[in-house]
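This report refers to the structure that appears directly beneath it.
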Amino acid sequence: MNFNDTITAISSGNINQAISIIRISGPDSIAIVKKIFKGKIGKDKTITFGNIIDNKTNKMVDEVLVNWFIGNKNYTGEDTVEINAHGGIVVTNKILNLLLANGARLAERGEFTRRAFLNGKLNLDKAEAINSLIHAKTNKQAEIAISQFNKNDNFLIESLESELLKIVSITEINIDYSEYNDIEQLDKNKLLPLVENLKNKIKVIIDKSENACDIYKGVSVAIVGKPNTGKSSLLNCLLKKDKAIVTDIAGTTRDIVEGEFEINGILFKLVDTAGIRNTSDSIESIGIEKSKQAIQEAKIVIHMHEPNTNNDKEDNEIKKLAEGKQYIEVINKIDTLSDLKFKKNKIYISAKNANVWELKNELIKRYLNIDLDDNEIIYNNRKLALLNECYISLNESINGLESGFGPEVVILDLTKAWGCLREMLNKQHDNEALLDNMFSKFCLGK
């Protein structure tokens, strides 16, 4: 990928529509457009009218409006032209092909925003937020994405990094300068509470963020159970369309069937799975293995049962696979019985009769009390992954201390954790900040 190239692409989507936009950006943008545009060449941030001409046949392709963004005070930070054409697929692609034939290169995915980032027009966090906004499927997802445009997570991370830097510094001093009398002597009883306190703070942030990110990205839900418990009927009911095949024959669903539905602005990504049972059918066995994988990947597991049945080997296996997940036990087909025995901690529905309001309430209630504007929530996937790495390293250092290892051993995990926080702040993991902090603790004259 050469960032000195001039790139072009259809920015409005390659579909029939009233108006389409073909964008071209790079050092030769103006020169390339001049070859095919008959009309006034505008100044920066002006719009001019004219015709697009095939410069080989001299035939007119379309009447267009052209937006001129000359210089670096625009989205990409380089000369950019946007051609507003009549939105038919044929004419839009003709204009795109003319730009390509006259020296432009087809842009790769996200390349305009990547150039904006490289040219200092937006930071990486905002670039990622723009991508999330483009792919938002609900109002809540769009609201969260927009809120990230100006949100600065750095204050939160800087406070954690500062606290960890102090821990790393005092640990390093005890390793390298233990003979100095004025240095506070550090042992397990003093170091362990410091690390545990920071780890607990980070755990709270991770838990809040992961719950909020479920809303941001969509909540994955696996519908599982034995054959013929109504899994496919439930999927169809929630999606309000017949996407999965429903029959009385056990083992009908042999592959994963997926769909999405929304409750109160929260997107749920449903996965209907093959019924879990012992079978000699090789194809059905593959579907059952996929069902088990779906459980492992889901945030919420809906475990379907028929009325008045007891758990058996397959049900117990599902429960075991769902450990650590949000687990909802659902009794389906309540319309078939008049003497149903209700039990606590179970949800009762009739997917056939669309009586699933109790299940919907159970799904949504887990996300009702999340404050999406909480300053301790990190939506950025890259930063959240680094914070999880930091948490793991801190936990390793605690395990080391509890196992009797000294500062010279646990410092490796502490430094690794500190490096994760530095990376979240886009700071280099160098020793300058560490040395400054270390020697500031020495007495004057040392």
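Descriptive notes on the structure:
- Magnitude of the charge dipole, the stretch 12-91, Cβ model with Lys/Arg +1 and Asp/Glu -1, debye to 20: 200
- Considering only 294, 417, 69, and ranking their Cα positions along the charge dipole of the chain that arises from unit charges at the beta-carbon of Lys, Arg, Asp and Glu, the one farthest toward the positive end is 69.
- Projecting the Cα atoms of 13, 197, 219 onto the dipole axis of the chain, where Lys and Arg carry +1 and Asp and Glu carry -1 at the beta carbon, places 13 farthest toward the positive end.
- When Cα extents along the principal axes in Å is calculated for this entry, the matching label among [x] 79, 68, 40; [y] 82, 51, 41; [z] 86, 78, 40 is [z].
- Cα shape, the stretch 5-107, gyration tensor, a/c 1.5 rule: rounded
- Remark: accessible surface ordering of 357, 418 (largest first) is 357, 418, probe radius 1.4 Å.
- Helix-only mean residue ellipticity at 222 nm for the chain, each DSSP H run of n ≥ 4 adding -39500 (n - 2.57), per residue, nearest 500: -14000 deg cm²/dmol
- Inter-centroid distance (Cα atoms) of the stretch 397-429 relative to the stretch 1-20, Å: 46
- Look at the dipole of the chain built from charges on Cβ: of 85, 239, 384, the Cα furthest out on the positive end belongs to 85.
- Reciprocal mean inverse distance between Cα atoms of the stretch 280-373 - Kirkwood radius, Å: 15.1
- Packing around the peptides 379-385, 410-416, taken as the average count of other Cβ atoms within 10 Å per residue, puts them in this order, highest first: 410-416, 379-385.
- Once all protein chains are placed together, residue 312 keeps about 50 Å² accessible to a 1.4 angstrom probe.
- Annotation for the stretch 19-125: GluC sites (Glu not before Pro) lying in DSSP loop with at most 12 further Cβ atoms inside 10 Å of their Cβ are 108.
- Taking Cα centre as origin and charging only the Cβ of basic (Lys, Arg, +1) and acidic (Asp, Glu, -1) residues, the dipole magnitude of the stretch 51-154 rounds to 120 debye.
- Taking Cα centre as origin and charging only the Cβ of basic (Lys, Arg, +1) and acidic (Asp, Glu, -1) residues, the dipole magnitude of the stretch 286-428 rounds to 400 debye.
- Placing 49, 112, 155 in order of accessible area, with the largest value first and a 1.4 Å probe, yields 155, 49, 112.
The values are calculated or read from the model by the stated rules, or taken from the named source; none is laboratory data. All figures in this text were calculated on a predicted structure; none of them were measured in a lab. All Cβ positions, glycine included, derive from the backbone under ideal geometry; neighbour counts span all protein chains shown. For the accessible areas, the whole protein counts, side chains as well, though only heavy atoms, and no ligand, DNA or RNA atoms are used. Shrake-Rupley method; radii C 1.70, N 1.55, O 1.52, S 1.80 Å.
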